[in-house]
Amino acid sequence: MQPIIYTIQAGDYEAGGRASRALKEHLKKLGADGKAVRRAMIAAYEAEMNVVIHSVGGEMKIELDGSELNVEVKDSGPGIADIDQAMREGYSTAPAKAREYGFGAGMGLPNIRRNSDRFSIRSTVGEGTTLEFKVLLKEPDLADAPPHSIRINSAMCRQCKSCLRVCPTRAIRVRKHKPLILDHLCIDCNICIGECPSGALSMESPKESKSHAGQTLVVSAAFLSQFGTGFPPAAVLQALLALGFEATHVLESWSLGIQQAAVKYARRYPELQPVIVPTCSAVLNLIQLRFPSLIPHVAPFLTPHLAARAMLEKQRSVQMVFCPSQCSQFGERAVRNEQTMVPSQLRNEVLTWLNAHRDNQDTLSDETPPTRPEEILRVWGLSHVMGVLNEIEDGLLSDVPVVELLACDQGCFGSPLLSEDCHVAVNRWESRGFPIPVYPATEQTVPLSARAGIRLDENMLRAMTKLRQMDDIRRMLPGRDCGVCGAPTCEDMAEDIVMNRAELSQCIYLAQEGDKEK
Amino acid sequence: MNLQTLVECIDGRILTHVAQAAETRVNRVAAGDNISGMLEQASENTLIVSNLMGRSLIRMAELMDVAGLCAVGGTLPESEIIERASERGIVLIVSPYSLFETCGKLYERLKSEGVLV
């Protein structure tokens, strides 16, 4: 939908609220949920009245799509000298006239922040103020949202079926000449993206950010170590700031805090050992899907991206941008609603800048990044991760206090979305990186829950019937796991047939036998 | 409980949309003289009691779909305000009691009915 712009007259207390009124009509036409409309109205009306009361006039720009409302309220002066003070409840500079009308209680900005899902404000004295907020029109519902952020471009698929075999949860099928992801099984680990030779699988195109001014970037150390010997991490950081980002945070600041917190947690609850560090969201997805009995072993902290969001959200006027190095990170509900940049896109911008500014390289630091606690056993690669999870499930790993399980080699350093070899990148970060702060871990507010992905039917009796059928069909299939039918194994094919995702005739061996009999 | 019954307990007069009042359910009352505070409280089951009977209050009622607006102290709102409320489907009420007394009576009533949210 095209953005709609409403002009807001300064000092017109009588007409104030017209833009909000119009916005309400739009939301109703869209059928937005009542609670969302209510929040949008509070935020919009407060923002509109701010322009009426305090400024020389401005406008409200509304952008609506099916799932969210973005509002930008901009005025042309006089601007706010001290935003921190303005954000404080009870602080107001409203004139007496505004107070007569019931405004000026100093609640406006806090009210907008409370009633929006994203809020930022920028102001320059003498130029004006820009306030932006976002309201999600649907309650983020984990049940019906696709759990993954892998984009499929069927036209590019050569049907090589590499993805079929590599998927750790066997969630991919290649049928009707294109890959298909079974949402209920996908853990968003993006191994298939790394394996796909044709580019048919890639990361879902995130909401792109246009200009970097005023944005705070959260980026992984792995990304900072992508630029070859000539450009150490500190130079990349410098480039990012030169590109206009107001501030940058390294994701590892949060990872380290979570690792330290997990070590403490393991000491406090020895009966839960080995404690699993909640670093990699793909691994958490895997645990929820395949190892729900191990959920109590996961230290109850937010993953690094969610912790970053929780911390930055508390700061006023921060417009966050994430550069996830993994699909599952992008798929994390909270991050998905933020602005994100795919690593390749950001990499191009950084490279252009670095090449143009080859000379100023006085950025080498003598100190190296802080190291992680020693008692953590780190395991990467999903086949190893699954092996270790099986061991924990069987009670064979109680001599290890803390484990950190990572989908990609060397953690995010081995992400398929990055190009530098993971071992080289780790070395570059550890030897030539720079010190970063360690941010405390954030406690989880909602505990992890099991994912009912692999159940054949909600009704247990029906599920048992299906299981029997599956078994019968599996015995009819040749057991060669050839993948020609589009399922990775004969067992998966049997399940697909029972669940009406495929037909028996799609098995070429059975089809051939049928021909012979004729 | 429905707005009409609630109005009876404050000996109030419904100025606009009388029929609507009988169908509107109220489980909360918000009173005040600052818009921000009332905005936060407002919902379609909230009766707003205020001595601030101006256009901005009408606007707020309209945006938040409140159950009704109640003026206090027996003073009728200006005719322009009544007209606006009537145009925009807002139930406008006037209570003969002061803000304090009106709220006291409403609170007692809602509490005894056990519907207070």
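Taken together, the values in this text are just the output of simple stated rules run on the coordinates, not laboratory data. None of the values given here were measured: they were computed from a predicted structure. Every residue, glycine as well, gets a Cβ built from its backbone with ideal geometry; the counts of neighbours run over all protein chains shown.
Expressed as a fraction of 2.2 N^0.38 Å, the C-alpha radius of gyration for chain B is 0.92. Were the residues from A:ALA213 through A:ILE5 laid out at 0.36 nm apart, the gain over their Cα-Cα distance would be 72.7 nm.
Pull out a ≥ b ≥ c, the square roots of the eigenvalues of the alpha-carbon gyration tensor of segment A:365-422, then state rounded if a/c is under 1.5, prolate if not and a/b is larger than b/c, and oblate in the remaining case. It comes out oblate by the Cα gyration axes. Need one word for segment A:165-321: rounded, prolate or oblate. Basis is the Cα gyration tensor (sqrt eigenvalues a ≥ b ≥ c); a/c below 1.5 gives rounded, then a/b vs b/c decides. Here segment A:165-321 falls in the oblate category.
Of all DSSP beta bridges confined to the protein assembly as shown, the antiparallel ones make up roughly 55%.
Over the C-alpha trace of segment A:66-180, radius of gyration and Dmax come out as 24.4, 73 angstrom. Around the amide H of A:ARG378, modelled in the peptide plane, lie the amide H atoms of A:GLU404, all under 5 Å away and 5 or more residues distant in sequence or on another chain. So if the hydrodynamic radius of segment B:1-55 is defined as the Kirkwood radius over C-alpha pairs, what does Stokes-Einstein give as its diffusion coefficient at 20 °C and 1.002 mPa s, in µm² per second? The Stokes-Einstein estimate is 180 µm²/s. Across chain A, the relative contact order, built from alpha-carbon pairs under 8 Å that are at least six residues apart, equals 14 percent. By the scheme Lys and Arg +1, Asp and Glu -1, what is the net charge of all other residues having a beta-carbon under 9 Å from that of A:GLU59? Surrounding charge for A:GLU59 is 0. Comparing A:ALA10, A:SER325, A:SER255 along the charge dipole axis of chain A, the residue lying farthest to the positive side is A:ALA10, per the Cβ-charge model. Ranked for footprinting exposure by Cβ neighbours inside 10 Å, fewest first, A:TRP254, A:TRP380, A:TRP353 give A:TRP353, A:TRP380, A:TRP254. Going down the table (A:LYS134/A:LYS314; A:LYS35/A:LYS74; A:LYS28/A:LYS138; A:LYS24/B:LYS111), which pairs top 23 Å between alpha carbons? In this structure, A:LYS35/A:LYS74; A:LYS24/B:LYS111 exceed 23 Å between Cα atoms.
Relative protection proxy for B:42-52, A:39-49, from highest mean packing down: A:39-49, B:42-52 (other beta-carbon atoms within 10 angstrom).
Whole-Hz Karplus values for segment A:372-386 come out as 7, x, 6, 6, 8, 8, 9, 10, 10, x, 5, 5, 5, 4, 5 Hz, taken residue by residue from phi with 6.51 cos²θ - 1.76 cosθ + 1.60 and θ = phi - 60°; glycine and proline positions read x.
Taking only DSSP H segments of four or more residues, each worth -39500 (n - 2.57), what value at 222 nm results for chain A once the sum is divided by all its residues, to the nearest 500 deg cm²/dmol?
That comes out to -11000 deg cm²/dmol.
Distance between the 7 Å Cα→Cβ label points at A:ARG358 and A:ASN459: 7.2 nm. Each of A:CYS167, B:CYS9, A:CYS192, A:CYS157 was scored by other Cβ atoms within 10 Å of its Cβ. Arranged with the fewest first, they read B:CYS9, A:CYS157, A:CYS167, A:CYS192. When every Cα-Cα distance of segment A:359-518 is counted in 5 angstrom steps from zero, the calculated P(r) takes the values 1, 7, 9, 10, 12, 12, 11, 10, 8, 7, 6, 4, 2, 1, 0, 0 percent. Normalising the Debye intensity of segment A:395-469 to I(0), with uniform scatterers on Cα atoms only, and taking log10 at q = 0.27 Å⁻¹ returns -1.17.
Computed from point charges on the beta carbon alone (+1 for Lys and Arg, -1 for Asp and Glu), the dipole magnitude for segment B:1-106 about its Cα centre is near 100 Debye. Compute the Cα gyration tensor for segment B:67-117, then decide on rounded, prolate or oblate, letting a ≥ b ≥ c be the square roots of its eigenvalues: rounded whenever a/c is under 1.5, prolate when a/b is larger than b/c in the other cases, and oblate in all that remain. In terms of gyration-tensor shape, oblate.
Local charge for A:SER162 was computed over the other residues whose Cβ lies under 15 Å away, with Lys and Arg +1 and Asp and Glu -1, and equals +4. Histogrammed with a bin width of 20 Å, the alpha carbon distances of the protein assembly as shown distribute as 16, 39, 32, 12, 1 percent, first bin at zero. Using only Cα atoms, find the angle between the long axis of helix A:508-517 and the longest principal axis of chain A, and express it within 0 to 90 degrees, rounded to the nearest 10. Roughly 40 degrees between the two axes.
How high is the relative contact order of segment A:436-504, in percent, with contacts defined as C-alpha pairs under 8 Å that are six or more residues apart? Reported relative contact order: 21 percent.
With a 10 Å cut-off around each Cβ of A:100-109, the average count of Cβ atoms from other chains is 5.
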